[in-house]
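The values are calculated or read from the model by the stated rules, or taken from the named source; none is laboratory data. None of the values given here were measured: they were computed from a predicted structure. Note that each Cβ is placed from the backbone with ideal geometry, even for glycine, and that neighbours are counted across all protein chains shown.
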Ligand SMILES: Nc1ncnc2c1ncn2[C@@H]1O[C@H](COP(=O)(O)OP(=O)(O)OP(=O)(O)O)[C@@H](O)[C@H]1O
Ligand SMILES: [Mg+2]
């Protein structure tokens, strides 16, 4: 049982200019081991996206400690932190963040475009495109895709380099039942193969018995 992510007592406040401070996370602690698939369920505004950004080394909490693959990303230089993220973390963002001028296949390969290994990853990228039913859209840019198709491209991209930790923000939020099942099956399989997956969602249907509940920035059982 290897620990992949440990979140200890983190608090995050946003300071809105000229206005009140918003406390988005209050004393949140959780941990994930290899093989875990964990749901964090909560209503809009409860702090789900903030939690994922803090967990993945993209947003520094005000208090508390994150340990990602045995290191605290916020104690590293920003360059070392980027490397830690690139190596170990896959993000499926709520807004996808696809590159508008790249085709589906090149978006999936985007994490490797800056390195020499693009060709090594191509068969895996093609496999993911097939798996998520994107073959007919392979050469299209995101602007020509439905929202659900974009969501699946974002997931394929996040899985490409087989990150130890996959952080997914509403990964089935825009999908019909069949595609939602396809995505959830892929995530479960990813965890079963030794990855750690954290899914944040407001979808009650997705919750399981171990789901954590986030209310107004605080976790409850
Ligand atoms: N950049 C920001 N500046 C100021 N306040 C923010 C910022 N981002 C989020 N917030 C506030 O922090 C709280 C938590 O936001 P967050 O985006 O984490 O919620 P969420 O659970 O992901 O919501 P949703 O389900 O709508 O995506 C909200 O009250 C939100 O308004
Ligand atoms: Mg959100």
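Here is how the numbers come out for the structure above:
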item: Residue list for the stretch 40-75, filter: more than 14 Å from the chain's Cα centre (by Cα), within 16 Å of ligand 2 (Cβ to nearest atom) and buried (at least 18 other Cβ atoms within 10 Å of the Cβ); result: 41, 42, 46, 47
item: Single condition residue 116 does not satisfy, out of (1) at pLDDT below 95; (2) away from ligand 2 (no atom under 16 Å from the Cβ); (3) under 16 Å from the mean Cα position of the chain (by Cα); result: (3)
item: Residue list for the stretch 41-57, restricted to those being over 15 Å from residue 68 (Cβ atoms) and more than 9 Å from ligand 1 (Cβ to nearest atom); result: 41
item: Residues within the stretch 18-40 that are touching a residue at least 40 places away in the same chain (Cβ under 8 Å), within 12 Å of ligand 1 (Cβ to nearest atom) and over 19 Å from residue 59 (Cα atoms), tallied; result: 0
item: Selected residue [under 24 Å from residue 187 (Cα atoms), more than 9 Å from ligand 1 (Cβ to nearest atom) and free of Cβ contacts under 8 Å to residues at least 40 places away in the same chain] from 85, 60; result: 85
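Listed here are the residues, each with its yes/no results for (1) touching a strand residue (DSSP E or B) at 6+ places or on another chain (Cβ under 9 Å); (2) part of a strand (DSSP E or B); (3) more than 14 Å from residue 215 (Cα to Cα).
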position	(1), (2), (3)
5	yes, yes, yes
8	yes, yes, yes
14	yes, yes, yes
32	yes, yes, yes
35	yes, no, yes
43	yes, no, no
